[in-house]
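First the structure, in the form of structure tokens, and then the observations on it.
The values are calculated or read from the model by the stated rules, or taken from the named source; none is laboratory data. In this text the structure is predicted, and so the values were computed from the model without any measurement. Accessible surface is based on the protein model in full, side chains and every heavy atom, while ligands, DNA and RNA are left aside. Shrake-Rupley method; radii C 1.70, N 1.55, O 1.52, S 1.80 Å.
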Amino acid sequence: MYNLLKGKKGIIFGALNEHSIAWKTAVRAHEEGAIFVLTNAPASIRMGDIAVLASQTDSQVIPADATSIDDLENLVVQAMEILGGKIDFVLHSIGMSVNVRKGKHYTDPNYDFTTKGWNVSAVSFHKTMKVLYDKKAMSTWGSIVALTYMAAQRVFPDYNDMADNKAYLESVARSFGYFFGRDYKVRVNTISQSPTPTTAGTGVKGFDGFLAYADKMAPLGNATAADCAEYTLAMFSDLTKKVTLQNLFHDGGFSNMGVSDAVMEKFD
């Protein structure tokens, strides 16, 4: 351990179970000296194991619907009271598609489902930053990170409307990140992670096949959830103080590949 986050205070959204990237990030942040609060929607708290994580990391859990400004305001105020000051880092690890859950094809969605998924997966990030910005809750040189996926730039048919949600999320990071940087010297970035077998990821049709394909395409292989936690900690630390408005690919090199020998062997 490096005491990389010693004395830093944070909010971590989206830890559901031990497979979650947010969960692994919380464990590592605790090991690196950070203190933080955990948050998730009340339904997700009931379904998941976040109380176990809270006990493991000496953290408190504050339920919050990330689509609700009132809930977010309560979360931020309580977090600053519990932690004793402004926030140094925030992880937004939230995403869902009702259309995917219900088996609705991209060409024939239920648009009410589309709106709900967009609100949860992407607009919630704008709302979170608005509350942090309005309340001047972030420390100077603080870091806000959201998790995304390369379907925001390239076509992955079964990723469905989550691709649109991630594209919007990345745009919000750049646009709001400009104002956060200009006014408060706060960094805002997205991490575009390899396909990862989280609860949300495994809900995508054909996930196992694509996971294997991506691993053969990437020269370093897929980045795991634990790997992503390490990278996220680097983005929270003071070692990346001038990195902002970036979509950072964390995928073993997959994003720059055309084809690999391992994949070509399947067709030769």
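Summarising the overall dimensions of region 120-165 from its C-alpha atoms, the Rg and Dmax are 14.0, 41 angstrom. Computed from the alpha carbon positions, the gyration tensor of region 42-165 leads to an equivalent ellipsoid with semi-axes of 29, 17, 14 Å, biggest first. To the nearest 10, the accessible area of LYS241 is 80 Å² with a 1.4 Å probe. Largest accessible area first, the residues TYR2, TYR159 order themselves as TYR2, TYR159 under a 1.4 Å probe with ligands, DNA and RNA left out.
Note on region 1-103: percent of Cα-Cα distances in each 5 Å bin, starting at 0 and stopping at the bin with the largest distance, equals 2, 13, 24, 25, 19, 9, 4, 2, 1, 0. Gap in Å between the Cα centre of region 209-268 and the Cα centre of region 90-139? Centre-to-centre distance over Cα atoms comes out at 23 Å.
For a quick check, take a GNM of the chain with Cα springs below 10 Å and name the residue from ALA43, ALA51, ALA64 with the largest mean-square fluctuation. Answer for the Gaussian network model of the chain: ALA43.
Summed over the residues of the chain and divided among them, the accessible surface reaches 47 Å² per residue at a probe radius of 1.4 Å.
Per the Debye formula on identical point scatterers at the alpha carbon atoms of the chain, with no solvent, log10 I(q)/I(0) at q = 0.11, 0.15 Å⁻¹ is -0.58, -1.09. Note on region 137-201: Rg/Rh from C-alpha atoms, Kirkwood Rh, equals 1.06. Within the assembled protein chains, the solvent-accessible surface assigned to GLU31 is about 80 Å², based on a 1.4 Å probe.
In region 136-268, Rg over Rh equals 1.02, where Rg is the alpha-carbon radius of gyration and Rh the Kirkwood radius from pairwise Cα distances. Over the Cα atoms of region 69-140, the radius of gyration divided by the Kirkwood radius equals 1.14; this is the Rg/Rh ratio.
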